Amino acid sequence: MRTQAFAEALAEAEQIITGAPHIASEQDLAEGYDYLAGSIQASLRLAWAYQRDFPYFVASTGPYTKMGLDNPDTLYFHAYLRDDAEYVVTGRRGTTADLSFQVLKGDYSPAEVPDSLSAFDDRAIEIAGDGTFELRFGPAAPGPGYFRLGAGSSMLLVREVYSDWAAERRGTIAIRRADRAGCAPPVTTDPGALAKRYAVAGKILLSRLRTFLAFPQWFYLAEPVNTMTPPRPTPGGLATQFSSAGHYDLDDGEAMIVTVPAAGAGTAPYQGIQLGSMWYVSLDYINHQTSLTADQARIDPDGTMRFVISERDPGVANWLECTGHRRGYVQIRWQRLTRDLTPADGPETSVIPHADLPGRLPYYEQARVSPAEWRTRIAARQAAVAERMLG
């Protein structure tokens, strides 16, 4: 059987899911199987996208193939590389808040984060008046529009980040190996080669599951519960991004208030907060408000944003819905920064009885939203994500 290796990996993957230490309810297990389904889809797609001589950008993650506490505001793309070849990347800059590029050595594994050999955002490249750009990546010396591929370079990762889902529009991007323009890859006629693809897909699947169940141990769970770290450079070498991370554990009658200064476009054109499940993936951000950017959130008159994390509806604009997740992760990201952040730029947290919220939110009455207004907010999210996925 050509698919035997993948079938064996799938059986092992199910054991990883059912044996996850955080499972405490039927909801946890059901979400695990949903996570597994998305990981299976992604692993097969990534294995077949492994084309270093005829590369193309593939979506690394999305609403139905989540991994690694995926940011609801980000479109992730990657292409595979050889470190001794030259590649041409062309595109048209959209109107999103950020567009960044990162060259990785290796891949994520349960033991380590891959080395980042270079990382930059689109401020480092020349963009024409019509939004078009062309970059080259290769082994030669760097220069204008040319970025050197260090030894071991294996992947180019591109992130396009929205702040205003409704108003911003995505761009376009493509990649080709410079010396293969007009050529075509050989037709696959060897069944053994396809068996290898299935085996690779199985390895991707198992590595993906093991890695991102271990990842929170490195960056989250060592911190005290219901707290968030001061802003720090995001692990993995991502350029001009800081993040603050934490994990929460709240009873039904409790709420966690996260208070953070609004950075402003002059410091960080993108600032966003999100919740994640114990599977280390985003919660449903399409049909529920489980994330907010600075453009989507209410900013109080004193220049701060006050988010309420709770299961019960507090009736305010900046409610982040737990959607049945008593435990989970919370992260704030700042991107396209113009300066390093300090602890004063970071969040403060407090856990209080849900009934005490009116007295603990200084602008509570101004922040109130009606059920009809809430439905309008959710409808806008649904429409924006649908358009973004089709774009």
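In nm, to one decimal, how far is the modelled label at Val225 from the one at Arg339, with both set 7 Å along Cα→Cβ?
Once both label points are built, they end up 3.8 nm from each other.
Looking only at the stretch 290-313, which residues have a backbone nitrogen under 15 Å from a spot 7 Å from the Cα of Ile378 in the C-beta direction?
290-291, 311-313
Provide the descending list of Cα extents for the chain along its principal axes, expressed in whole angstroms.
68, 52, 37
Keeping every protein chain present and rolling a 1.4 Å probe, give me the accessible area per residue for the stretch 213-317 in Å².
Here the per-residue accessible area is 32 Å².
Could you list the square roots of 5 times each eigenvalue of the Cα gyration tensor of the stretch 1-158, that is, the equivalent ellipsoid semi-axes, sorted largest first and rounded to whole Å?
Calculated on Cα positions only, the semi-axes equal 34, 19, 14 Å.
To the nearest 0.05, how large is the calculated FRET efficiency for Tyr33 and Tyr56 if R₀ is 35 Å and r is the Cβ-Cβ distance?
Once the sixth-power term is evaluated, E becomes 0.70.
Can you pull the percent of the chain's accessible area that's carbon plus sulfur, 1.4 Å probe, other chains left in place?
Heavy-atom surface of the chain belonging to carbon and sulfur, 1.4 Å probe: 54 percent.
Quote to one decimal, in nm, the extra length available between Ala193 and Ala24 on full extension: 0.36 nm per residue of separation minus the C-alpha distance between them.
56.7 nm
What distance in nm separates the simple spin-label points at Trp218 and Ala140, each placed 7 Å from Cα in the Cβ direction?
Taking the simple label geometry, Trp218 and Ala140 are separated by 3.5 nm.
Using a 1.4 angstrom probe, figure out how much accessible area the stretch 1-132 has per residue, in square angstrom, rounded to the nearest whole.
Ligands and nucleic acids excluded, the result is 45 Å² per residue.
Highest mean first, what order results for 376-382, 45-51, 66-72 on Cβ atoms within 10 Å?
66-72, 45-51, 376-382
Highest GNM mean-square fluctuation, the chain, Cα pairs closer than 10 Å: which of Ala128, Ala97, Ala59?
Among Ala128, Ala97, Ala59, the largest mean-square fluctuation in the Gaussian network model of the chain belongs to Ala128.
Taking the dipole about the Cα centre of the stretch 24-151, with the C-beta of Lys and Arg at +1 and of Asp and Glu at -1, give me whichever of Gly145, Asn71, Gly38 is farthest to the positive side.
Among Gly145, Asn71, Gly38, the one farthest towards the positive end of the dipole of the stretch 24-151 is Gly145.
Ranked highest first by the average count of other Cβ atoms within 10 Å around their residues, in what order do 8-20, 313-325 fall?
313-325, 8-20
Name the residue farthest towards the positive end of the dipole of the chain from the options Ala380, Ser100, Ala85, assuming +1 on Cβ of Lys and Arg, -1 on Cβ of Asp and Glu, about the Cα centre.
Going by the charge dipole, the pick is Ala85.
Under 24 Å between alpha carbons, and skipping anything fewer than 8 positions from Lys66 in its own chain: which lysines qualify?
Correct list for Lys66: Lys105, Lys203.
Pick out the long, greasy-scoring helices in the chain: whole DSSP H runs spanning 24 Å or more along their own axis by Cα, mean Kyte-Doolittle at least -1.0.
26-48, 191-219, 371-390
Quickly work out the Thr172-to-Asp356 label distance, labels modelled 7 Å from Cα along the C-beta direction, and quote it in nm with one decimal.
5.6
Grab the DSSP H runs of the chain that are 4 residues or longer, score each as -39,500 (n - 2.57), total them, divide by all residues and round the 222 nm result to the nearest 500 deg cm²/dmol.
-8000 deg cm²/dmol
Calculated FRET efficiency, Arg298 and Ala128, Cβ-Cβ r, R0 41 Å, to nearest 0.05?
After rounding to 0.05, the efficiency reads 0.65.
The values are calculated or read from the model by the stated rules, or taken from the named source; none is laboratory data. It should be emphasised that the depicted structure is a prediction, and the values quoted were computed from it without experimental measurement. Here the Cβ is made from the backbone with ideal geometry for all residues, glycine too, and neighbour counts use every protein chain on show. We work out accessible area using only protein heavy atoms, side chains counted, and drop any ligands, DNA or RNA first. Shrake-Rupley method; radii C 1.70, N 1.55, O 1.52, S 1.80 Å.
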